[in-house]
Amino acid sequence: MDVPGPHRFDYTAELDRVRVALGELAAEASRIVTAATVAVAGPDAGRADTAAVHAALQSLQVRSRKLDDELVVLLACQNPVAGDLQLVVACLRIATGVERMGELADHIAATADLRRPAPVVPAPLRPTITHLGRLCGDLADQLAAAIRKDDREAARQVEDADDQIDQIHRRLLATLTDSAWPYGIQSAVDLTLLSRYYERFGDQAVTAARRLAGIHPATTR
């Protein structure tokens, strides 16, 4: 039986730390999309302060790029076997996807900024947008848990959870393009963009989960 050397133990510990950091980033994306949803569809819609949402995105971006740098250094300082290389590349891509999730959530809050003090979402549709935000937040939390636990089966389940977001997105678009839409063209455009941001948020989570699910366990040195 081969016994992993000390460098291998150090490398594994670093990868474990990266996994925890990636999970924290995904959890932060969940918090951002939840706060952004409150800004556009919550009880203070039109008056909500989105500064904290934008600040959270900036923090996520800084942490994501710092993690990217650390992964590159990790590769440079080690002699990775094929499984290790696949894992590190997947982590880099997952970090990019999670950062994009945060950006899409920030776009939601920016839509509220654009229309303030008027609410961007008509009152009858706020429950639908709130539901979309809740589903996206839950999806990001599922992704975070799958990353932290290195659970590839849980990662595969993220794709199933995204189906609900896609269904609501399609129904909402049908409502917005109906000739009976009563809130005008600008409102329809705003809501189309909002729905698209949520749908793309879900897609990014699914892509990140697929990358995690596709990682093969690294071999020992």
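Computed from Cα positions, the angle between helix 51-77 and the longest principal axis of the chain comes to roughly 20 degrees. Backbone phi angles across segment 207-212, fed through the Karplus curve with coefficients 6.51, -1.76 and 1.60 (θ = phi - 60°), yield HN-Hα couplings of 4, 4, 5, 5, 5, 5 Hz in residue order; Gly and Pro are listed as x. To the nearest ten degrees, helix 6-41 and the longest principal axis of the Cα atoms of the chain are 0 degrees apart. Inter-label distance, D178 to D163: 2.5 nm, where each label sits 7 Å from its Cα along the C-beta direction. Solvent-accessible area per residue in segment 121-221 equals 50 Å², computed with a 1.4 angstrom probe and all protein chains kept. For the chain, the C-alpha radius of gyration divided by 2.2 N^0.38 Å, with N the number of residues, is 1.15. With a ≥ b ≥ c the root eigenvalues of the C-alpha gyration tensor of segment 38-167, is it rounded (a/c under 1.5), prolate (a/b larger than b/c) or oblate? Oblate, because a/c is 1.5 or more while a/b does not exceed b/c. Tally Lys and Arg at +1 and Asp and Glu at -1 over the other residues with C-beta under 11 Å from the C-beta of T96: what net charge comes out? Taking every other residue near T96 into account, the sum is +1. Of the accessible area of segment 108-198, computed with a 1.4 Å probe over protein heavy atoms only, carbon and sulfur atoms account for 53 percent.
Only helices enter the 222 nm calculation for the chain: every DSSP H run of n ≥ 4 contributes -39,500 (n - 2.57), and dividing by all residues gives -28500 deg cm²/dmol, rounded to 500. Taking a ≥ b ≥ c as the square roots of the eigenvalues of the Cα gyration tensor of segment 88-129, is the shape rounded (a/c under 1.5), prolate (a/b larger than b/c) or oblate? Note, shape of segment 88-129 comes out oblate.
Using the Cβ-Cβ distance between R196 and K149 with R0 set to 41 Å, the FRET efficiency works out to roughly 0.85. Summing Lys and Arg as +1 and Asp and Glu as -1 over all other residues whose Cβ lies under 9 Å from the Cβ of E70 gives a net charge of -1.
Counting charges near G184 (Lys, Arg +1; Asp, Glu -1) among other residues having Cβ under 14 Å from its Cβ returns a value of -1. Divided by 2.2 N^0.38 Å, where N counts the residues, the Cα radius of gyration of segment 15-70 comes to 1.34.
The values are calculated or read from the model by the stated rules, or taken from the named source; none is laboratory data. Note that the structure is a prediction, hence the values are computed from the model and not measured. Glycine gets a Cβ as well: all are built from the backbone with ideal geometry, and neighbour counts include every protein chain shown. Heavy atoms of the whole protein, side chains included, go into the accessibility calculation; ligands, DNA and RNA do not. Shrake-Rupley method; radii C 1.70, N 1.55, O 1.52, S 1.80 Å.
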